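What follows is one structure encoded as structure tokens, with my remarks underneath.
Derivation of every value follows stated rules applied to the coordinates shown; laboratory data play no part. Model, not experiment: these values are computed from the prediction. With ideal geometry, Cβ positions are generated from the backbone for all residues, glycine too; neighbour counts draw on all protein chains shown.
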Amino acid sequence: MKRIALYTHKRTVAALTILGGLLASSMHTSALAEDLWKKPVVKQGVVGAAAGAAVGALSDRSSVGKGAVTGAAVGVGTGLMTQSRFLRDKPLLRNAAQGAVIGTGASYVTGKSKVKGAAIGAGGGAGYHYVKKYLDKR
């Protein structure tokens, strides 16, 4: 019985998180909010927080709060890499680093090895780079 109540509670929190995200994205009332929303760091941080909250809600190994905070940190990290002048002309390095950050965050939320998550994420980012490069040529 306790397990069912906990699962229902997590689903409720996930639904409220998604609803809050939708409301926040529809409220572009001030020029400051519009300027902030145009930045990749803010967008990816919000998307990461929502994705992390969803993972926390669906996973029995993590909480919604831990997932949301980790997702926001991962989103902000990948957003900073997107805006980086150093990584702008190094797309392979940027995609591999973003993949490593995402893999590490996912491993942290699920309680797995962070080194393995970073390695698999970096490989996925590099693979994404080469597939995108191949498809752009066609």
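Out of Gly67, Gly56, Gly79, Gly75, one residue alone is touching a Pro at 6+ places or on another chain (Cβ under 8 Å) and not β-branched (Val, Ile, Thr). It is Gly79.
Give segment 80-138 a look and list any residue that's within 21 Å of Val42 (Cα to Cα) and of a type in the set (S, T, N, Q), or say none. The answer is Thr82, Gln83, Ser84, Asn95, Gln98, Thr104. Scanning segment 67-100 for residues that are in contact with a Ser or Thr (Cβ under 8 Å, 6 or more places away or on another chain) and closer than 15 Å to His129 by Cβ, we see that the one that is surrounded by the fewest Cβ atoms within 10 Å (Cβ to Cβ) is Arg94.
Could you tell me which of the residues Val115, Val64 is β-branched (Val, Ile, Thr), more than 23 Å from Leu36 (Cα to Cα), crowded, with 22+ Cβ neighbours inside 10 Å and out of contact with any strand residue (DSSP E or B) (no Cβ under 6 Å at 6 or more places or on another chain)? Steps first, answer last, please.
Values: Val115 fails: crowded, with 22+ Cβ neighbours inside 10 Å.
So the residue among Val115, Val64 that is β-branched (Val, Ile, Thr), more than 23 Å from Leu36 (Cα to Cα), crowded, with 22+ Cβ neighbours inside 10 Å and out of contact with any strand residue (DSSP E or B) (no Cβ under 6 Å at 6 or more places or on another chain) is Val64.
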